[in-house]
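Below is one structure, written out as structure tokens; the observations come after it.
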Amino acid sequence: MATLLLIHGGLWEDTSADWFWGRPGVSTGLERLGFTVVAPDRLRRAPSWADEAAYVASAVRGAVSAALPAGPVTVIGGSFGCAVAARLALEFPALTGRLLLAWPAALSDQFLATRFRAELARLGAPHRVLDSLLGTETLPSVPDGELSAITIPVGVVPSVPPDPVHSRGTVDALLRLLPDVTELPGCPEAPRPEFAAHLDAFLDAVAGFVGP
């Protein structure tokens, strides 16, 4: 079975892979289906999306060299983890065989971007980090012109219901910009209490997208 790299959400918050993927049952559910799951914590207080991608690539390569077969993996990003996943696909193409963007988060709305800038500044983010992280295109880590360079199969899971950070507009833009993209059934984000009722359907959608 395939190896899955899970990249959790959060933006300069004290989140973790266990909080995002473990406690909601996603990691263990995928393992029960026969997948090998690698779910590292992201780089805390990362200065850029490129640094995040390099950190995750190093983590998964360490896991592969230690116990897993070599070769490309399916990368699954959740919320702002989608920004890391897209950056990873561009900078480490040999590592990424498929890409699944679950509940993609974006800051395309100017009011929203201003609010996040203020919140991250209160957490201590310097101006250069704010400028690096707070992109205002479809995904904050990748200019729209680069998204079309991601030619591997991509699945997109909409947030249902949508909200300003996880909007339907972001999903529609990804469906327009990515060359080989499929929309999968939507559901609430994994950390939300409402996700529990959708866990099995989400796992089935992931398994169907990844294949045997």
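The values are calculated or read from the model by the stated rules, or taken from the named source; none is laboratory data. The structure displayed is predicted, hence computed values, not measured ones. As a convention, Cβ positions derive from the backbone with ideal geometry for all residues, glycine included, and neighbour counts pool all protein chains shown.
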Selected residue (criterion: modelled with the highest pLDDT) from residues of region 129-161 that are surrounded by fewer than 19 Cβ atoms within 10 Å (Cβ to Cβ) and among the polar types (S, T, N, Q): 151
Residue list for region 162-178, restricted to those being in contact with a Leu (Cβ under 9 Å, 6 or more places away or on another chain) and surrounded by fewer than 16 Cβ atoms within 10 Å (Cβ to Cβ): 164
Top-ranked residue of region 72-86 - restricted to ones that are in contact with a strand residue (DSSP E or B) (Cβ under 6 Å, 6 or more places away or on another chain) and not aliphatic (A, V, I, L, M), ranked as nearest to residue 161 (Cα to Cα): 78
Enumeration of residues in region 11-33 that are of a type outside the set (D, E, K, R) and at pLDDT below 95: 11, 12, 15
Residue tally, condition among the aliphatic types (A, V, I, L, M), closer than 18 Å to residue 42 by Cα and surrounded by fewer than 18 Cβ atoms within 10 Å (Cβ to Cβ), over region 91-128: 1
For residue 151: the one exception among (1) without any contact (Cβ under 8 Å) to a residue 40 or more places away in the chain; (2) part of a helix (DSSP H, G or I): (2)
Criterion violated by residue 156 - all others in (1) more than 15 Å from the chain's Cα centre (by Cα); (2) in a strand (DSSP E or B); (3) not basic (Lys, Arg) satisfied: (1)
Unique residue being at pLDDT below 95, within 29 Å of residue 130 (Cα to Cα) and not in a strand (DSSP E or B) when the list is 70, 46, 54, 63: 46
Those residues of region 189-212 which are free of Cβ contacts under 8 Å to residues at least 40 places away in the same chain and either of a type in the set (Gly, Ala, Ser) or surrounded by 13 or more Cβ atoms within 10 Å (Cβ to Cβ) (or both), in sequence order: 192, 197, 198, 201, 204, 208
Answer from 128, 117, 192, 122 - the residue that is among the basic types (Lys, Arg) and more than 23 Å from residue 51 (Cβ to Cβ): 192
Filtered residues of region 1-54 (kept if surrounded by 18 or more Cβ atoms within 10 Å (Cβ to Cβ) and aromatic (Phe, Trp, Tyr)): 12, 20, 21, 35, 49
